[in-house]
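Here is the structure we will look at, set down as structure tokens.
Here, each number is a calculation from the coordinates, and none is a lab measurement. Fair warning: this is a prediction, and the values are worked out from it, not measured in the lab. Quick reminder, even Gly has a Cβ in these numbers, built from the backbone with ideal geometry, and neighbours come from all protein chains shown.
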């Protein structure tokens, strides 16, 4: 576990370095790279990672969440009942 924690902090440090000079991970606009890494980064504090050490990463998360039509899983669950029932409706076309 210790090795995974170290790798996690290394990944956050790489993101922080990139975000020190760019608004997004792959340039100056939102790309699939940002969308792909958002869920892991957004939930990193739940796994015990301290994002307080990474102001660029926190600002990046805020930029993504401020995007028009950006929905978090919590927002989906709130607006569609439970996440499980929403998933079933999507999967079964209900």
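Quick rundown of the values:
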quantity: Ranking of 60, 70 by count of other Cβ atoms within 10 Å, fewest first; calculated: 70, 60
quantity: Net lengthening on full extension, residue 7/residue 58 (0.36 nm per residue, minus Cα-Cα); calculated: 16.5 nm
quantity: Coordinate range along principal axes, alpha carbons of region 2-68, Å, largest first; calculated: 36, 21, 20
quantity: Ascending count of other beta-carbon atoms within 10 Å, so fewest first, for 58, 10; calculated: 10, 58
